[in-house]
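The values are calculated or read from the model by the stated rules, or taken from the named source; none is laboratory data. Not measured: the values here are computed from a predicted model. Every residue, glycine among them, receives a Cβ derived from its backbone with ideal geometry; neighbour counts consider all protein chains shown.
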């Protein structure tokens, strides 16, 4: 079943994510994807995440279609102007890619080429708008296309924004993204189900499917790093202590993820699991959570 | 300073030309800075055993030809090179008016900004040609947001600070607070905005001001 069909069916949707590396080696990534192929509805492919130069998301998304996985092609506005973005979108469709996640993208200063010139001619909202135009058969300039795509456009939202202004801005932007055509949202990593429930109440009635983000906690160090450095991600201290006290860290991480999946089942339309190389643990998480 | 000394090393008669506009206001190229720079150049060249003559002058506005021409004409034949302490527009005005003289930039023009407090300046305008300040609480997202976002905040801010630098406030959170204060938060619930970026180099022609231009002697 495609991601589109899965979202429309009303079932609790599961997506995962793979991140191409620096270089041309894709074998291990395909192995990671193969492990979860039968268990997820789609797999995101990140676009130079954290502004680190890597193999591109279009190429790997295409590889996923080759092995029968429905990819979510992540596209950021950091590195391409509107000509390149539109052309890449057409190319992606021609290569069999049907889902696009429209992102603004991190600033180059965050990555390994910090002096790179950022583009940001478009942003996540205007990119969604452009995807809508391409879907309707015209480009940004109003020129007619010969053969048009039919992308399922998605976007992201950060329910853990750390103050009232930031959260209000996230929710207002989410509404604008829906106006611009976003059909589904994948959220930033969530660890606090109570806060997530409050967020879901605020966006009740929004006309889009929401998949709660789950980042597998691989270690205490990783949790502390994210708390310090990743905007909108907050791992509560009890969870950090749970990992710290556990003899088997992986098992503790799986237990936490299972509780999050179970909690989200009643709150939103699916989960987006960011396993960061621990894709092999996703089937066990889903089994235990009864999915 | 080293860069300036290298620029002028082939010249023996230098006109150090300040500007009475922006670079005077931001203490980078007014009368005082002209005097200091001319002195430093003379001292350096004396030390190197290659003395130099310096002239000092300040134009009213170096980006206005009318302000530059009389001064340069009055001092004609007294200098081989103009070391301009104006912004890049001023340097180019000099270069264009006197194509047979070198016009050298003494300053690196950084941005169009304003004095945040004494001795602190911030970039505030990118001259994008499509001002949105009326609906952003007087805070420019094109300039003050590191990504020039037009449709609201990205998810990168942490504790109100931009992902690019902890000493930089998130422009969109500032816009939010300003609009909330003005009771105009609904301005943020807008249709998707796509910005038309200007084509460089910019040019403006005001026909109403050009009437009678044919009689003007350039």
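List of remarks:
- Residues satisfying the stated conditions in region B:78-96, i.e. under 14 Å from residue B:19 (Cβ atoms) and touching a helix residue (DSSP H, G or I) at 6+ places or on another chain (Cβ under 7 Å): B:82, B:83, B:84, B:85, B:86, B:87, B:93, B:94
- Residue within region B:115-124 that is under 30 Å from residue A:174 (Cβ atoms), in contact with a strand residue (DSSP E or B) (Cβ under 6 Å, 6 or more places away or on another chain) and within 14 Å of another protein chain (Cβ to nearest Cβ) present: no
- Of everything in region A:91-108 that is more than 18 Å from the chain's Cα centre (by Cα) and away from chain B (no Cβ under 11 Å), the residue that is nearest to residue A:69 (Cα to Cα) is A:96.
- Residue A:231 within 14 Å of chain B (Cβ to nearest Cβ) and closer than 20 Å to residue A:197 by Cα: yes
- Considering (1) within 10 Å of chain A (Cβ to nearest Cβ); (2) assigned to a helix (DSSP H, G or I); (3) farther than 25 Å from residue A:109 by Cα, the lone condition that residue B:192 does not fulfil carries the number (2).
- Listed by position, the strands (runs of 3 or more DSSP E) inside region B:81-128 whose residues that are under 18 Å from residue B:34 (Cα atoms) number at least 2 are B:81-84, B:102-105.
- You will find that of A:139, A:168, A:162, the residue that is touching a residue at least 60 places away in the same chain (Cβ under 8 Å), within 14 Å of chain B (Cβ to nearest Cβ) and over 24 Å from residue A:6 (Cα atoms) is A:162 and no other.
Conditions (1) over 15 Å from the mean Cα position of the chain (by Cα); (2) modelled with pLDDT of 95 or more; (3) within 25 Å of residue A:133 (Cβ to Cβ); (4) surrounded by 17 or more Cβ atoms within 10 Å (Cβ to Cβ), marked per residue:
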residue: A:164; (1), (2), (3), (4): yes, no, no, no
residue: A:185; (1), (2), (3), (4): no, yes, yes, yes
residue: A:199; (1), (2), (3), (4): yes, yes, no, yes
residue: A:206; (1), (2), (3), (4): yes, yes, yes, yes
residue: A:210; (1), (2), (3), (4): no, yes, yes, yes
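- Only one entry of B:75, B:5, B:55, B:110 meets the criterion of being in contact with a helix residue (DSSP H, G or I) (Cβ under 6 Å, 6 or more places away or on another chain) and either surrounded by fewer than 20 Cβ atoms within 10 Å (Cβ to Cβ) or modelled with pLDDT under 95 (or both), and that entry is B:5.
- Hits in region A:109-131 - residues which are under 21 Å from residue B:195 (Cα atoms), more than 9 Å from chain B (Cβ to nearest Cβ) and buried (at least 16 other Cβ atoms within 10 Å of the Cβ): A:119, A:127, A:131
- Residues (more than 24 Å from residue A:111 (Cα to Cα) and out of contact with any strand residue (DSSP E or B) (no Cβ under 8 Å at 6 or more places or on another chain)) located in region A:18-47: A:27, A:30, A:31, A:34, A:35, A:37, A:38
- All of B:206, B:135, B:181 fail the test of being more than 14 Å from chain A (Cβ to nearest Cβ), more than 19 Å from residue B:113 (Cα to Cα) and at pLDDT 90 or above, apart from B:206.
- Residues of region A:57-72 that turn out to be on the phi < 0 side of the Ramachandran plot and not in a helix (DSSP H, G or I), as a count: 5
- Count of residues meeting criterion [assigned to a helix (DSSP H, G or I) and farther than 21 Å from residue A:76 by Cβ] in region A:4-32: 11
- Test: residue in region B:79-95 that is closer than 30 Å to residue A:126 by Cα and without any contact (Cβ under 8 Å) to a residue 24 or more places away in the chain: no
- In the set A:277, A:213, A:263, only one residue is assigned to a strand (DSSP E or B) and in contact (Cβ under 8 Å) with a residue 24 or more places away in the chain; that residue is A:213.
- Of residues in region B:32-51 being over 17 Å from residue B:84 (Cα atoms) and in contact with a helix residue (DSSP H, G or I) (Cβ under 7 Å, 6 or more places away or on another chain), the one surrounded by the fewest Cβ atoms within 10 Å (Cβ to Cβ): B:51
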